Amino acid sequence: MLVSLNWLKEFVDIKMSPYDFGEALTMSGTKVETLTVVSENVANILTGKITKIEPHPNADKLTVCTVDMGADERVIVTAAKNVFEGAIVSVAVDGAVLANGTKIGTNDFRGLLSHGMFCSIEELGMNTDLFSKEIMEGILILPENTPLGMDARELLWLNDVIIDVELTANRSDCQSIIGIAREASATLDLPMAGVTTYDTVESTNQIADYLSVRIEDPACPRYVAKMLKVKKIEASPLWMQIKLQNSGVRPINNIVDVTNYVMLELGQPLHAFDYDSLQSQEIVVKTTTNKKIVTLDDKERDIDETMLMITNGKVPVAIAGVMGGENSEITEKTSLIVLESANFNKGSVRLTAKKLGLRTEASSRFEKGVDPELAGMAALRATQLLLEIGACEVIEGLIDVYPSVASLKKVNLDINWFNTFVGISLTIDEIAKMLTRLFFNVEKSSDYVLEVEVPSYRLDIDLKEDLAEEVVRIFGYDMIPGTIMGGETMVGGKTPVQKFEDALKNILVGQGYYETLTSSFTSEKRLHGLNSQLDENLVPLINPLGEENSIMRHTLIGHQLEVISLNYNRKNPFGRFFELSNTYRKNTKSGELPIEEQKLAISSYGGEDYFELKGVVELLLEQSGIKYPDFIAGGSDFLHPGRKAEIFVDGIILGEIGEIHPVVVKNYELPKRCYICQLSFKALFDCSSLDNKFTDLPKFPASNRDLAILLKADIPAAAVETIIRKNSGDILESIDLFDVYTGAQIPDGYKSLAYALNFRHHGRTLNDNDINPVIEQILGELKRSFDAQLRE
Amino acid sequence: MELELKQLRDRCLADLNAVEELKTLDNVRIKYLGKKGELTIALKGMGKLSNEERPIIGKLANEIREEIENNISAQKHALEQKEIEAQIKEESIDVSLPGKKHQAGNLHPLTTTVNELKEIFLGMGFSIAEGPEIEWAKYNFDYLNVPQDHSARDLQDTFYYEDDIVLRTQTSPVQVRVMQEQKPPLRIISPGRVYRCDEIDATHSPVFHQMEGLVIDKGITMSDLKGTLDLFAKKLFGEQTKTKFRPHQFYFTEPSAEMDVTCFKCGGVGCKVCSNTGWIEILGCGMVHPNVLRFCGIDPDEYSGFAFGMGLDRITMIKYGINDLRLLFENDLRFLAQFK
Ligand SMILES: [Zn+2]
């Protein structure tokens, strides 16, 4: 919200620098984002009246103006077309500086000296967005009664500082000049001026002859209406226009400007209807079955029966709290106006504005909540201003429909509780003083309890904790000491699962893998690339950001492939990646949240093969204390049918590993060979055994035997290893497959597997009599199972 | 005989001198001192000598044997020395040639940041709590005191899976779960993934990360909040870091604050990182709202506590000077590999 410091100073006598003021406001809870001077540069631009205009003897497009500057007279040569005799303009005299920094001196224009120049809106540094094109392009013409020789910086508030404040959602009462002024007054401990309202004692209730108001919906807690006779619709006075401009609002005419002025000043949105075009003597606030309304901005809006309308009893004339209707708009012909100062329920306005996609200054104020008490005061303030600027005459009487007037809230504050809660020690009087600065009515109900009456506009204060914040922010958050928590000593620390996560990541990093971070979203389209049937337990979102983010992923595979694809297509020659992240699956039990399962994906491309990745996975398993994982051919359809395996430990599936299927390679624009493994983190953790215990170092030597076994090529090595293990009793210490050979001397369709077996007994030295029978048993079993033979 | 022995010695020493390789040295030893060696054979002829000559020649023979043995061992030493020198000479390398490549990967910078934050809080006795990302709306909003008609609940702001199930917009639901399941005292942090309906750009992402913290105990004060978070900031950004607490508003806490830290880049003078303010906004915090305590079955008259929350993506970006949030989620190796 934009706040004019000059306007603010009309309420609170702020003497400190704008910067210090901004800091003080921020530290008491009204966050100041920026401070901007309207026009930093402008200097020596004074008002003057054009008394005579003559043609330039040597140039058709130039005119020569004599200007009365109050103290003196000067000649200005200009090319401007909108100047006329009698016009009051702003004149940059010798030595003046324009908004863009240009210095102005005396210049020769085709043989005539010009002692300065006339200024436009832009040259003065005013907000060009708020003016029509015609005004913007010409010289700014000032009102007739403007004093001459006056500094434009003062007159046009070019020295004003615009404060951009960020308000928190709970402080709807700060959405106005007086709201910020109240904060300034409390923060700086300075008195605050009030506003002048229309308070003439009226003798009649003339308004009743014209209008009655009925509320048929509780979403309108109060409706105040005042009627006025229009004297003349014209531009509002300069001071009013400037305040609107410096608040970012475009001046329109005296009636509309007053409604906007009061909204900015007090925070109460107002609306003015043209009485004659209401074509009715009543205003009824209700929902309607009408389908359309044309709003003030000339747009036709679709409305429905949930939206609160201001009607003339039959048709809507305004969307309550959002925008007026074109059918009752103020025009040049308007002779009677109905000034609406009403209160609308924030939820109702919010939903209506949202449905219409129409946010206005009014709706955004109502959405945050407006104090119903404000409606009456705002109507009288607007009346006062309309009279003061000579726009209207009053019609006596006021309509105020206010079915349930809320009483003021009272909250008790126990100062002992307060001091303990905050960790400071203030006296009851100090606390009472700070609350009083914030316009709370405070009474001592005992030596240590304050009874605090909350102003009607403080919709955010209900509890003692709310009051605590009020006191502390005025006392100063920075005045609270920092202490180290007392209480019970707490050990804290990571759980075994959390430690296991760290350990896995560290192993992978040590092996040259980079951790990735990918989004949780995927889509049917993206999943189709994986050459697989769609899982039936997907978790789709009701309101996704586009199709490609419409489902919560149930696998990390797609995202890992996208990472590989991105890197490959950016010419990174190789890559090794991993990610430990959540996947999501529908819960088949109703009334429960979807299932979230952490998975670990490891992938690589460029210079790697299946066995390198498998080696890393084996290392991970080994480091997790998993002794004998089984890699059994098989797995999902996104993997190469001849190069994929499922990983089991004691019959429990951990995941799968393999090369990416050529079709998927194409779909994802991947390098020809990429490898991936996905493991269930939970299964991995459940199978892990991390409690290492020391075993004595061996005292007796080991015996090594090499076995080369000839067998059919399609028998998996893992099956051979299983047989070797099963038939070795407890003396087999290790198996190492050191050669797989096909080729010369090996028949077609066969292979040779060469194993180094290491035998050891913990209690004695082994000899041939121990080992030979074992070897024979192994060979016998291999022959029976696979028709395998020892290769000589 | 005496002459014979002396000649034998001279021959032997000459032979020894001529040896150039260690492996032939032994041949010389065998030739003279072996079982059938010249000296051994010569000594066998001692029997023929007279009683007067025998001790003299015997003494001489022993002296010669000793001399030869000394010479052999000296020659052995010399040859070994020579061999090592030769080996060293042959094996010298250009030590300035590059080492063999061992690729280590690294953690994602976000993880590194999270780890750093975790360590700080673990050191203060906190535990790490986790909870579902797809969460009941009541845990994400109602129990956190978010008003029923608040726009955060809108479809424009929050992803919905079902009418009452959302993608959590903050990790605070974890705090609710912990408060409902465990008795105070509590000290937890909950880092994790959160979601909001923001289109992705340089500073926004529909998927991002937060870490929230919660302390509940008897007699926890606002000055404890300040002290704890000030200590945290000093541990994260360095001992010289100062903090500033500004009043703010959150539904979850009352009173609430935002904490700024002095810019770690410029030390508070003002620079691009801190938009010339000297301060960087780092987290939101406050005293846990009594409604929230009550919703979670904790008596606010008996217990009090504070909570805080911070954006991990933002802190990561600030810490490493990353200027575009999208880089965190893109996973280009040239990016990832910068965070060893
Ligand atoms: Zn800085």
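Structure summary
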read-out	value
Search result, residues across region B:93-116 that are touching a Leu at 6+ places or on another chain (Cβ under 9 Å) and more than 10 Å from chain A (Cβ to nearest Cβ)	B:T113, B:V114, B:E116
Within region A:324-359, tally of residues that are in a loop (DSSP other than H, G, I, E, B) and under 27 Å from A:K232 (Cβ atoms)	7
Hits in region A:47-63 (condition: closer than 18 Å to A:C119 by Cβ and under 56 Å from the mean Cα position of the chain (by Cα))	A:T47, A:G48, A:K49, A:I50, A:L62, A:T63
Some residue of region A:492-508 being at the interface with chain B (Cβ under 7 Å from one of its Cβ atoms) and of a type in the set (K, R)	yes
Filter result for A:S636 (over 29 Å from A:S689 (Cα atoms), away from chain B (no Cβ under 14 Å), out of contact with any Pro (no Cβ under 8 Å at 6 or more places or on another chain) and hydroxyl-bearing (S, T, Y))	no
Residues that are within 14 Å of another protein chain (Cβ to nearest Cβ) and basic (K, R), drawn from region A:347-395	A:R350, A:K354, A:K355, A:R359, A:K368
Exclusive hit being within 11 Å of another protein chain (Cβ to nearest Cβ), β-branched (V, I, T) and either under 15 Å from B:G105 (Cβ atoms) or touching a residue at least 24 places away in the same chain (Cβ under 8 Å) (or both), set A:I557, A:I542, A:I564	A:I564
The listed residue being more than 18 Å from B:F208 (Cβ to Cβ), within 10 Å of chain A (Cβ to nearest Cβ) and in a loop (DSSP other than H, G, I, E, B), out of B:P184, B:P132	B:P184
Criterion (more than 21 Å from A:D160 (Cα to Cα), at pLDDT 95 or above and surrounded by 15 or more Cβ atoms within 10 Å (Cβ to Cβ)) met by exactly one of A:R222, A:R214	A:R222
Criterion violated by B:S172 - all others in (1) closer than 24 Å to B:G213 by Cα; (2) within 9 Å of chain A (Cβ to nearest Cβ); (3) in contact with an Asp or Glu (Cβ under 7 Å, 6 or more places away or on another chain) satisfied	(2)
Listing of helices (runs of 4 or more DSSP H) fully contained in region A:486-582 that carry 2 or more residues being of a type in the set (K, R)	A:496-510, A:524-528
Region A:675-718 - residue that is at pLDDT 95 or above and part of a strand (DSSP E or B) and, of those, surrounded by the fewest Cβ atoms within 10 Å (Cβ to Cβ)	A:S680
Any chance B:D260 is within 13 Å of chain A (Cβ to nearest Cβ), touching a residue at least 12 places away in the same chain (Cβ under 8 Å), more than 23 Å from A:Y19 (Cα to Cα) and of a type in the set (D, E)	no
Residue match in region A:468-482 (condition: touching a residue at least 12 places away in the same chain (Cβ under 8 Å), touching a helix residue (DSSP H, G or I) at 6+ places or on another chain (Cβ under 8 Å), of a type in the set (S, T, Y) and not in a loop (DSSP other than H, G, I, E, B))	yes
Within region A:490-517, tally of residues that are polar (S, T, N, Q) and under 16 Å from A:I676 (Cα atoms)	2
All strands (runs of 3 or more DSSP E) inside region A:379-450 with 3 or more residues being under 30 Å from A:N205 (Cα atoms) and over 41 Å from the mean Cα position of the chain (by Cα)	A:392-394
Residues (of a type in the set (S, T, Y) and either exposed (fewer than 13 other Cβ atoms within 10 Å of the Cβ) or touching a helix residue (DSSP H, G or I) at 6+ places or on another chain (Cβ under 7 Å) (or both)) located in region A:278-318	A:T289, A:T295, A:T306
Residues that are among the hydroxyl-bearing types (S, T, Y), assigned to a helix (DSSP H, G or I) and touching a residue at least 60 places away in the same chain (Cβ under 8 Å), drawn from region B:221-236	B:T228
Filtered residues of region B:237-254 (kept if more than 16 Å from the ligand (Cβ to nearest atom) and either under 17 Å from B:I120 (Cα atoms) or in a strand (DSSP E or B) (or both))	B:E239, B:F245, B:R246, B:P247, B:H248, B:T253, B:E254
Any hit, region A:479-490, residues being under 19 Å from B:Y251 (Cα atoms) and within 14 Å of chain B (Cβ to nearest Cβ)	no
Positions within region B:276-290 being β-branched (V, I, T) and away from the ligand (no atom under 16 Å from the Cβ), in sequence order	B:V288
Which numbered condition B:V273 misses (of (1) free of Cβ contacts under 8 Å to residues at least 60 places away in the same chain; (2) within 22 Å of B:K226 (Cβ to Cβ))	(2)
Out of B:F306, B:F339, B:F329, sole residue that is within 10 Å of chain A (Cβ to nearest Cβ), outside any loop (DSSP other than H, G, I, E, B) and more than 19 Å from B:I188 (Cα to Cα)	B:F329
B:T203, sole failed condition from (1) more than 9 Å from chain A (Cβ to nearest Cβ); (2) within 28 Å of the chain's Cα centre (by Cα)	(2)
Search result, residues across region B:217-257 that are in contact with a helix residue (DSSP H, G or I) (Cβ under 7 Å, 6 or more places away or on another chain), crowded, with 23+ Cβ neighbours inside 10 Å and more than 8 Å from chain A (Cβ to nearest Cβ)	B:F232, B:F252
A:R526, sole failed condition from (1) free of Cβ contacts under 8 Å to residues at least 60 places away in the same chain; (2) out of contact with any helix residue (DSSP H, G or I) (no Cβ under 7 Å at 6 or more places or on another chain)	(2)
Residue pairs meeting the criteria (Cβ under 6 Å; at least 6 apart or on separate chains; first at positive phi and in contact (Cβ under 8 Å) with a residue 24 or more places away in the chain, in region A:156-175; second among the aliphatic types (A, V, I, L, M) and not in a loop (DSSP other than H, G, I, E, B))	A:W157/A:I242
Single unsatisfied condition, A:E340 versus (1) surrounded by fewer than 16 Cβ atoms within 10 Å (Cβ to Cβ); (2) touching a residue at least 60 places away in the same chain (Cβ under 8 Å)	(1)
When residues of region B:255-273 are limited to those that are more than 30 Å from the chain's Cα centre (by Cα), of a type outside the set (G, A, S) and farther than 29 Å from A:T420 by Cα, the one nearest to the ligand (Cβ to nearest atom)	B:C271
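The values are calculated or read from the model by the stated rules, or taken from the named source; none is laboratory data. The structure presented is a predicted model; accordingly, all values stated were derived computationally and were not measured. Cβ atoms come from the backbone with ideal geometry, glycine included; neighbour counts cover every protein chain shown.
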